[in-house]
Amino acid sequence: MKKIDTIPAIPANPTNAEKKPEVYIQYGDKEVDIQDVLDKIKEQWTKDLENEADDLKELKVYIKPEDNAAYYVINGDITGSFGL
């Protein structure tokens with residue numbers, strides 16, 4: 001019997017690597033999909049503010065149901081908001 005010196009690598013499951021969590025905020029009779037919020041911020045960054053997508057290095061998002069709004073800070077100094 002041949003001795004195995006190394007354990008073969010286990011291939012990554014591509015379906016698990018592609019899965020992303022779905023996050024929703026529910027309040028009152030509303031539901032907000034976080035991915036929609038992120039997409040809107042990225043759209044404002046690239047289209048409205050005319051930046052390259054790769055220039056968005058850091059993003060903080062604050063959802064305030066009582067204001068019915070999402071607030072964000074990009075790269076530590078650019079702020080914005082929009083209604084949910």
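The values are calculated or read from the model by the stated rules, or taken from the named source; none is laboratory data. Just so it is clear, the model here is predicted, and its values are computed rather than measured. Cβ atoms come from the backbone with ideal geometry, glycine included; neighbour counts cover every protein chain shown. Remember, those area values only see protein heavy atoms, side chains included, never the ligands or the DNA or RNA. Shrake-Rupley method; radii C 1.70, N 1.55, O 1.52, S 1.80 Å.
Descriptive notes on the structure:
- Complete set of residues in the stretch 35-66 that are more than 13 Å from the chain's Cα centre (by Cα) and among the hydroxyl-bearing types (Ser, Thr, Tyr): Thr46
Here's the yes/no breakdown for (1) outside any strand (DSSP E or B); (2) open to solvent by less than 100 Å² (accessible area, probe 1.4 Å); (3) at pLDDT below 90; (4) in contact with a strand residue (DSSP E or B) (Cβ under 8 Å, 6 or more places away or on another chain):
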{"site": "Lys2", "(1), (2), (3), (4)": "yes, no, yes, no"}
{"site": "Ala9", "(1), (2), (3), (4)": "yes, yes, yes, no"}
{"site": "Lys40", "(1), (2), (3), (4)": "yes, yes, no, yes"}
{"site": "Thr46", "(1), (2), (3), (4)": "yes, yes, no, no"}
{"site": "Tyr62", "(1), (2), (3), (4)": "no, no, no, yes"}
{"site": "Tyr72", "(1), (2), (3), (4)": "no, yes, no, yes"}
{"site": "Phe82", "(1), (2), (3), (4)": "no, yes, no, yes"}
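- Any hit, the stretch 26-38, residues being assigned to a strand (DSSP E or B) and exposed (fewer than 10 other Cβ atoms within 10 Å of the Cβ): yes
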